[in-house]
Amino acid sequence: MTEIDTSVPHSARIWNYWLGGKDNYPVDEAAGDAYTAVFPGIVTIARSSRAFLGRSIRYLVEEAGIRQFLDVGTGLPTVDNTHEVAQRFAPESKIVYVDNDPLVLAHARALLTSTPEGATAYEDLTLYEPEKVLQAASRTLDLSRPTALILSGILGHVTDYDLARDLVRRLVAGLPSGSHLCVNDGSRGTDPDYEQAQDAYNETGAVPYLLRPVDRIEAFFEGLELVDPGVVSVPLWRPDGDAAPAPIGQHGGVGRKA
């Protein structure tokens with residue numbers, strides 16, 4: 001296994017820290033604290049993204065009837081991972097996680113728990129290998145049946161937008177009618193402070209994560225039927241409770257393949 005470098009901050013570990021997880025090191029906490037000193041709202045963005053993931057999976061299980069999930073760019077296990085939410089509402093659900101980060105791989109055992117009725121698997125591959133991802137997923141999932149493709153906070157790492165669009169198209173192309181795409185990513189046009197903080201972070205030499213205009217996030221769903229309310233700031237996507245949530249610089253949605 002590739003050795004894990006704990007001397008430099010790592011985006012997955014920083015995100016884990018903001019989510020309240022334990023799989024991080026002092027260098028990650030320092031980087032996370034430095035970012036929150038500039039933009040405290042990043043913790044809200046991280047946790048709102050995770051909450052959107054939970055609500056969208058619940059929709060996919062309870063309303064769309066999905067029982068198979070392909071989660072690409074999984075990130076570190078935290079609370080309410082895809083399999084935990086899906087199997088809470090449908091114990092027979094099957095989930096395949098895909099990531100190629102040695103740190104995520106080291107913690108993959110936390111992702112591989114499952115109900116007796118369902119299944120989980122972890123594949124050490126990248127988003128940049130869509131055909132290999134689909135082939136590997138087919139060992140656990142029946143890709144002739146509707147499947148949900150989860151891309152949570154991963155497409156912003158693909159700096160070439162046309163390539164990001166192409167990768168999504170190729171993954172969706174390998175899924176049958178009735179499948180769904182779930183995307184959420186950092187966005188521009190809602191929170192200038194977030195944009196300034198993220199642009200500054202990208203200039204530090206860290207692995208960049210690009211915030212994109214909302215119309216570019218919407219375009220990932222080209223050819224799909226968007227589920228109401230469409231691509232919106234994630235707190236506004238089918239929120240729980242009666243309170244009116246405030247929009248943040250993170251947009252997401254769910255689309256169905258006809």
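The values are calculated or read from the model by the stated rules, or taken from the named source; none is laboratory data. Since we're looking at a predicted model, the values are computed, not measured. All Cβ positions, even for glycine, are placed from backbone atoms using ideal geometry, and neighbour counts span all protein chains on display. What goes into the accessible areas is simple: the full protein's heavy atoms, side chains included, and nothing from ligands, DNA or RNA. Shrake-Rupley method; radii C 1.70, N 1.55, O 1.52, S 1.80 Å.
Table for the structure above
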item	result
Residue range of the chain that is longest and free of GluC sites (Glu not before Pro) which are both DSSP loop and sparsely packed (at most 13 other C-beta within 10 Å)	118-202
Given the chain, longest segment not containing exposed loop trypsin sites (Lys or Arg not before Pro) (DSSP; at most 16 other Cβ within 10 Å)	140-258
Estimated FRET transfer efficiency (V207, Q135; beta-carbon r; R0 41 Å; 0.05)	0.95
For the chain, alpha-carbon Rg over 2.2 N^0.38 Å	0.95
FRET efficiency for E29 and R169, using Cβ-Cβ distance with R0 set to 22 Å, rounded to 0.05	0.05
Cα shape, the stretch 38-111, gyration tensor, a/c 1.5 rule	oblate
The chain: relative contact order in percent, alpha carbon pairs under 8 Å with at least 6 residues between	17 percent
Cβ charges +1 (Lys, Arg) and -1 (Asp, Glu), total dipole of the stretch 18-112, debye	260 debye
Qualifying chymotrypsin sites (Phe, Trp or Tyr not before Pro) for the stretch 82-190 [loop in DSSP, other Cβ within 10 Å: at most 12]	Y128
Solvent exposure, largest accessible area first (probe 1.4 Å, DNA, RNA and ligands not counted), of D242, D215	D242, D215
Gained length - A110 relative to T6, 0.36 nm times residue gap less alpha-carbon distance	35.4 nm
For the stretch 89-144 versus the stretch 162-212, the gap between their alpha-carbon centres in whole angstrom	21 Å
FRET efficiency, 1/(1 + (r/R0)^6) with R0 41 Å, evaluated for E222 and A243 via beta carbons	0.80
